[in-house]
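Engineer: Mind looking over this structure? Questions follow.
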Amino acid sequence: MKYQVAIIGGGPAGYTAAEAAGKAGLSVVLFEKNSLGGVCLNEGCIPTKTLLYSAKVYDYTRHASKYAVSVSDSSYDLGKIISRKSKVIRKLVLGIKAKLTAQQVTIVSGEAYIANQHTVICGDESYECDYMIVCTGSETFIPPIQGVDQINYWTHRDALSNKETPSSLAIVGGGVIGMEFASFFNSLGVKVTVLEMLDEILGGIDCEMAALLRSEYAKRGVTFLLATRVTAFEKGDNGTLIHYENAEGTGKVEAEKLLLSVGRRPVMKGFGLENLNLELTERKSVKIDEHMQTSVKGVYVCGDLNGVSLLAHTAVREAEVAVHHIINESDKMSYQAIPGVVYTNPEIASVGLTEEALKAADRSYKVIKLPMAYSGRFVAENEGVNGLCKVLVDGDDKILGVHILGNPASELIVMAGMMIEDGRKLSDWKRYVFPHPTVGEIFREL
Ligand SMILES: Cc1cc2nc3c(=O)[nH]c(=O)nc-3n(C[C@H](O)[C@H](O)[C@H](O)COP(=O)(O)OP(=O)(O)OC[C@H]3O[C@@H](n4cnc5c(N)ncnc54)[C@H](O)[C@@H]3O)c2cc1C
């Protein structure tokens, strides 16, 4: 069987590449060993947000009196929340399948093996291709902490399918995934403890925003142990004992459930990637150019596999860039305005550089900060909730970074990303007419 493009992996990178290549009139085969949609759709972005939305609705009902509405009996059913999540996934997976079918993409269910740059083997069949786009994604990293093999722990997958509310949950790793689960289980009334090795949660996110979010969740009862190294796990009488050490000495926490969320890393073994002899970076990731092409002409690597950003929206854009290169359409990948969102309640969203990154690069910058209460809409819809909008600019007022704490930060950040990508100045916001009242008007106030 011969195709112009073979794509390995049906996550956001793979299915976007397949759809774009199909639309461009190329013959395309896509291999997926589990479920179309990849981690994002089946066990990542979408399921977490589905659960978090249920938690948000529950929170609204519990705090409805803030808006002069009384809800007499508010409760949740975790089993039904999980069923709804599965329904949402099913619907979206079908949607992807329909889009690929519409572009005449051949979908092969099975594990692909790369024999060489023009040959992929799946089952008993061999597939020839002119171009190959490898999008096998990433996997959860389980830290080799003493005792980890002797205890039961959750990864995000277990946390997303668990139907019984635990009394307590310890989360090792206070990054984005850890904090989204902390938020979800805190809303459900679970006693949550977050253990984080760094000095602040949400590494890579603006420290001031992360600290504000942490103090908000601390007020809601989440315990944070920062600058804390987990040293061992042990079975306890009522769950798992997590031993740790920090500046105050050693200690332990016992929790009914334990979630490990210390990070993810690219899946590079087990499917013949080594047969391509691709050049690697110093950090042992696959080296790619601005068109997502590897050191082997005609072979592209997109999404989590290249280890650059590990976000679904980056994967999507990278896939488009790769296909554009194949069809000789002028395009290149830019990483300067990739938004990062933490879907807690309130959300944090960031794009561009942080103060920490600017300091590390010894670059001068100015900070402009405004409480979100400068937006009338924000005040109307966020009773007793504070938020912050922080913009970093250079000496010419060019926008370098935008960081928002407050809903709906995930929606607002798109506008900020466009400004950064286009090299705009702070004063440029004033040239645009914003609908009133909207939370985005905060940008015109800066
Ligand atoms: C809990 C969680 C929450 C997340 N939330 C967000 C979020 O809110 N926003 C965001 O941007 N990102 C989020 N992410 C990250 C996001 O899921 C990934 O960045 C995204 O899925 C990467 O897409 P990808 O196409 O590179 O890889 P994946 O989605 O990992 O897809 C790779 C696919 O390749 C298949 N595959 C692998 N090897 C083979 C083979 N040999 N043959 C055939 N098929 C193969 C796999 O089965 C998989 O389906 C989250 C991740 C997790 C775990």
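The values are calculated or read from the model by the stated rules, or taken from the named source; none is laboratory data. Worth saying up front: this structure is predicted, and the values here are computed from it rather than measured. For neighbour counting, all protein chains shown are included, and Cβ atoms are generated from backbone atoms with ideal geometry for every residue, glycine included.
Engineer: Among the residues of the stretch 154-185, write down those that are assigned to a loop (DSSP other than H, G, I, E, B) and either within 11 Å of the ligand (Cβ to nearest atom) or not charged (D, E, K, R) (or both). Reasoning before the result, please.
Structural biologist: Kept after step one, since they are assigned to a loop (DSSP other than H, G, I, E, B), are these residues of the stretch 154-185: 155, 162-167, 173-175.
Passing the criteria: THR155, ASN162, THR165, PRO166, SER167, GLY173, GLY174, GLY175.
Conditions tested, residue by residue: (1) more than 10 Å from the ligand (Cβ to nearest atom); (2) in a loop (DSSP other than H, G, I, E, B); (3) without any contact (Cβ under 8 Å) to a residue 40 or more places away in the chain.
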site	(1), (2), (3)
TYR113	no, no, no
TYR127	yes, no, no
THR136	no, yes, no
ASN152	yes, yes, no
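Engineer: Now a separate question. Given (1) closer than 27 Å to GLY44 by Cα; (2) at pLDDT 95 or above, where does LEU276 come up short, assuming only one miss?
Structural biologist: Going through the list (1) closer than 27 Å to GLY44 by Cα; (2) at pLDDT 95 or above, LEU276 breaks only (1).
Engineer: Go through (1) of a type outside the set (D, E, K, R); (2) out of contact with any Ser or Thr (no Cβ under 8 Å at 6 or more places or on another chain); (3) within 12 Å of the ligand (Cβ to nearest atom); (4) outside any loop (DSSP other than H, G, I, E, B) one by one and return the number of the condition SER309 breaks.
Structural biologist: So SER309 meets the others, but not (4).
Engineer: So, one more: For the stretch 47-68, indicate whether the set of residues that are crowded, with 19+ Cβ neighbours inside 10 Å, in contact (Cβ under 8 Å) with a residue 60 or more places away in the chain and closer than 27 Å to ALA102 by Cα is non-empty.
Structural biologist: Yes; the residues of the stretch 47-68 include at least one that is crowded, with 19+ Cβ neighbours inside 10 Å, in contact (Cβ under 8 Å) with a residue 60 or more places away in the chain and closer than 27 Å to ALA102 by Cα.
Engineer: Could you grab me the full set of residues in the stretch 272-304 that are over 25 Å from the mean Cα position of the chain (by Cα), surrounded by 14 or more Cβ atoms within 10 Å (Cβ to Cβ) and part of a loop (DSSP other than H, G, I, E, B)?
Structural biologist: GLY272, LEU278, SER295, VAL296, GLY298 - these are the residues of the stretch 272-304 that are over 25 Å from the mean Cα position of the chain (by Cα), surrounded by 14 or more Cβ atoms within 10 Å (Cβ to Cβ) and part of a loop (DSSP other than H, G, I, E, B).
Engineer: Looking at VAL5, VAL39, VAL29 in this structure, which one is within 6 Å of the ligand (Cβ to nearest atom), modelled with pLDDT of 95 or more and aliphatic (A, V, I, L, M)?
Structural biologist: None of the others qualify; the one that does is VAL39.
Engineer: So which residues in the stretch 245-288 are of a type in the set (S, T, N, Q) and on the phi < 0 side of the Ramachandran plot, if there are any at all? Give the derivation first.
Structural biologist: Step one: list which residues in the stretch 245-288 are of a type in the set (S, T, N, Q), which gives 246, 250, 261, 275, 277, 281, 285.
Result: ASN246, THR250, SER261, ASN275, THR281, SER285.
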